[in-house]
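Worksheet for the structure shown next.
Bear in mind these aren't lab numbers, they're just calculated from the coordinates by the rules spelled out. Source: prediction; values computed, not measured. Cβ: placed from backbone, ideal geometry, glycine included. Neighbour counts: every protein chain shown.
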Amino acid sequence: MDGKYWNRKIETMPRQQIKEHQLQKLREQVKYCYENSSFYHKKFDSVGLKPQDIQTLEDLTKIPFTVKSDLRDNYPFGMVTVKPTEIVEIHASSGTTGNPIVGAYTRNDMDVWSELMGRSIYTTGGRPQDVIHIAYGYGLFTGGLGFHYGAQKVGAKIIPASGGMTQRQIKLMKDLGATILACTPSFAVYLAETMAQEGVDPRKDLKLKRGMFGAEPWSSKIRERIEQQIGIEAFDVYGLTELCGPGVSIECEQHDGLHIWEDHFIVETIDPDTGEVLADGEEGELVFTTLTKTGLPMLRYRTRDISKITTEQCKCGRTHSRMLRVQGRSDDMLIIRGVNVFPSQIEYAVMCFSELATQYLIVVDRPGALDTFVVKVELCEKAASNPQLDKNALKNEVQKRIHIVTGISADVEIVKPDEIPRTEGKAKRVLDLRKGKM
Ligand code: DLL
């Protein structure tokens, strides 16, 4: 640890040196995959590629993509590159259908993950004197344990609260003096609402200073609300089970994108439709290659997450490239009446209105030939008890705003506070009833 850096030498490494390090590690990782995985061996052979063909970082594009269905088809251990006894921990992501996506980690993978989570927590200002309240789920989901291992590295006090029992979580944060809150943004919003209902003033009754939020897309407006309602500085944290879990990238104090830990991952952006590699600054799907994984390495893994990358140096001094907040997942993208709509766009439009609470639900259906597009939004307590509120005018304004943001018309339904169900894990924002009617 060196001032604000967990590891100054690595975090501020000149870009040329990062590239040299990446090339060396890439060549090792490619050779390792070719020699230890029949999956990758076959993939390479199918395009006539040999590990020694990877001579430069640009040669990476010769390697075929790895996709989610590869992991599902090879469930659970078909893509593992070590003996079963070398796998020491298994996590999985919550797929709704079919086989879950399994992450199988060796001791070495666990050490790298813990180190990267320690580095990430430290980057947001976490120190040994902090009390970190971890309200990400513990279990197969990587959120709870990922933060746990990282906080152990930092030496902070850990409150392993996991999800659920919202009122009790608030009591624990108060009684045990939590200074950092780690949970999904939607759960943070729920905690803030519950605090307001319980008469807890977070600025007076809690010691919280910072929050580390991720695992689902969240708009800048949600961030403003969390920061304002809980009185904390919010940091975005990103990751996925296939790579390690949280700790792939993290926002620094500049709040201008998330630094990707490029000593362990190479990132590319591609056009999700054509697979063409895009230039820095162009929006597309994030594709990651692991450089140091031993249990289940990933070569050119398509995440489905939509973002942009910049390699411009950040004011914080770190040289690792940054990804902008994830806009959404290409598979969450709705096509409504032929127009692409991301739930995060609706969230942004809804959150422009202080009369509305942070919950919303998008309901899309196709009763006849045309899609119907309904956005249910909830009044906040204060607006609901205001007899002067003109609900019709509000509805029209929200409809207009959604039209400006998405380019299509929605039917807005304003409902009472608490009418839209809350979730303790990742938020569910979309009800698409068209399935089977297309
Ligand atoms: O969600 C890991 C994680 C836990 C990240 C806690 C951050 C905090 P999975 O369950 O495998 O892993 O889901 C990975 O979640 O591909 C994104 O679509 C989404 N996601 C993760 N972080 C963010 C974020 C964890 N900061 C999938 N912003 C990813 C937007 C995110 N989406």
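Subtracting the Cα-Cα distance from 0.36 nm times the residue separation, let me have the gained length for Val363 to Arg107 in nm, one decimal. All intermediate terms of the calculation are to be shown ahead of the outcome.
On the way: separation 256, 0.36 × 256 = 92.16 nm, distance 4.42 nm.
Stretched out fully, the Val363 to Arg107 stretch lengthens by 87.7 nm.
Quick one: work out the % antiparallel among DSSP beta bridges in region 1-331, nearest 5.
On the way: 31 of 47 bridges.
Percentage antiparallel, nearest 5: 65.
On a 0 to 90 degree scale, rounded to 10, what angle separates helix 220-230 from the longest Cα axis of the chain?
Helix 220-230 and the main axis of the chain meet at about 70 degrees.
Relative to the first principal axis of the alpha-carbon coordinates of the chain, what is the inclination of helix 107-123, with its axis defined by its Cα atoms, in degrees from 0 to 90 and to the nearest 10?
Long axis of 107-123 versus the principal axis of the chain: about 50 degrees.
Could you state, as a whole-number percent, how many of the C-alpha pairs of region 2-109 are farther apart than 23 Å?
Numbers: 2639 of 5778 pairs.
Percent of Cα pairs beyond 23 Å in region 2-109: 46.
Among Leu140, Gly199, Gly275, flag the residue with its Cα farthest along the positive direction of the charge dipole of region 1-331, charges on Cβ as +1 for Lys/Arg and -1 for Asp/Glu.
Positive-end residue among those listed: Gly199.
Add -39500 (n - 2.57) for each DSSP H run of 4 or more in the chain, then divide by its residues: what number comes out at 222 nm, to the nearest 500 deg cm²/dmol?
Numbers: 13 runs with 139 residues, N = 438.
Value at 222 nm, helices only: -9500 deg cm²/dmol.
Leaving out same-chain residues fewer than 8 places away, which lysines sit with a Cα under 27 Å from that of Lys42?
Correct list for Lys42: Lys25, Lys31, Lys50, Lys62, Lys68, Lys83, Lys293.
Taking the mean number of other Cβ atoms within 10 Å as a proxy for protection, how do you rank 408-415, 298-305 from highest to lowest?
Working: 408-415: 17.2, 298-305: 21.8.
The packing order, highest mean first, is 298-305, 408-415.
When you take every Cα atom in region 334-432, what is the radius of gyration, and what is Dmax, the widest Cα pair distance, in Å?
Over region 334-432's Cα set, Rg and Dmax evaluate to 13.4, 40 Å.
Among Thr66, Ile87, Pro387, pick out the residue whose Cα is farthest towards the positive end of the charge dipole of the chain, where Lys and Arg carry +1 and Asp and Glu carry -1 on C-beta, about the Cα centre.
About the Cα centre, the residue reaching furthest to the positive side is Ile87.
Once you have the alpha carbon radius of gyration of region 119-247, what is it after dividing by 2.2 N^0.38 Å, with N set to its residue count? Don't skip to the end; give the middle numbers.
Numbers: Rg = 13.3 Å, N = 129, 2.2 N^0.38 = 13.9 Å.
Here the answer is 0.95, to two decimals.
With the dipole of the chain worked out from charges on the C-beta (+1 for Lys and Arg, -1 for Asp and Glu) around the Cα centre, which of Phe353, Phe44, Ser114 lies farthest toward the positive end?
Ser114
Please report Rg (one decimal) and Dmax (integer) in Å for the Cα set of the chain.
Computed over the Cα atoms of the chain, radius of gyration and Dmax are 22.4, 73 Å.
If contacts are Cα pairs under 8 angstrom and at least 6 residues apart, what is the relative contact order of region 1-331 in percent? Walk me through the intermediate numbers first.
Numbers: 660 pairs, mean separation 59.0, N = 331.
For region 1-331, the relative contact order is 18 percent.
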